[in-house]
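Here is the structure we will look at.
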Amino acid sequence: MDFQERLMQCFRAVFPGLGDEEILKASTDTVAAWDSMASVSLFSLIGEEFSIEVDFEALASFHSFAEILDYATARASA
C-alpha cells in the first residue's frame, strides 16, 4: 500500500463521511469537521500509521491532505 492510500485511511477514520475524491481535496477550509480535536486525532493516527514521531507544532501549520502527504512521506523516508 502506498503512502497516499495509507494517509487516506487515516482521513477516513477521522472523517468517515468523506469520499475518496473529497479526501484528496480535503483542507481545513473544505472540511467543516476539521477542527483542533480532529487535527489531534488525525496527527496521532498518522504517527502510528507511518511510525514517525509527530511534530504537532509543524503539522498544525499544514492545512490540507496534500501538505500532510508531503510531510508524512518525507518523514517516513528519512
Hey, can you tell me all the residues within the stretch 19-54 that are outside any helix (DSSP H, G or I), of a type in the set (A, V, I, L, M), within 13 Å of the chain's Cα centre (by Cα) and modelled with pLDDT of 95 or more? 26, 31
Output the residue which, of all residues in the stretch 59-73 that are surrounded by fewer than 16 Cβ atoms within 10 Å (Cβ to Cβ) and hydrophobic (A, V, I, L, M, F, W, C), is nearest to residue 26 (Cα to Cα). 66
Condition first: modelled with pLDDT under 95 and of a type in the set (Ser, Thr, Tyr). Can you find one or more residues in the stretch 55-72 that meet it? yes
Scan the stretch 19-52 for residues that are within 22 Å of residue 77 (Cβ to Cβ), touching a residue at least 12 places away in the same chain (Cβ under 8 Å) and either touching a strand residue (DSSP E or B) at 6+ places or on another chain (Cβ under 6 Å) or not aromatic (Phe, Trp, Tyr) (or both) and jot them down. 23, 24, 42, 45, 46, 49, 51, 52
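Identify, from the list 27, 64, the residue that is hydroxyl-bearing (Ser, Thr, Tyr) and out of contact with any Lys or Arg (no Cβ under 9 Å at 6 or more places or on another chain). Explain how you work it out, then say what you get.
Numbers: 64 fails: out of contact with any Lys or Arg (no Cβ under 9 Å at 6 or more places or on another chain).
Result of the check over 27, 64: 27.
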Give the residues of the stretch 5-18 that are of a type in the set (Phe, Trp, Tyr) and not in a loop (DSSP other than H, G, I, E, B), sorted by residue number. 11
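The values are calculated or read from the model by the stated rules, or taken from the named source; none is laboratory data. These numbers come from a predicted model, not from an experiment. No Cβ is skipped: glycine too gets one built from the backbone with ideal geometry, and neighbour counts run over all protein chains shown.
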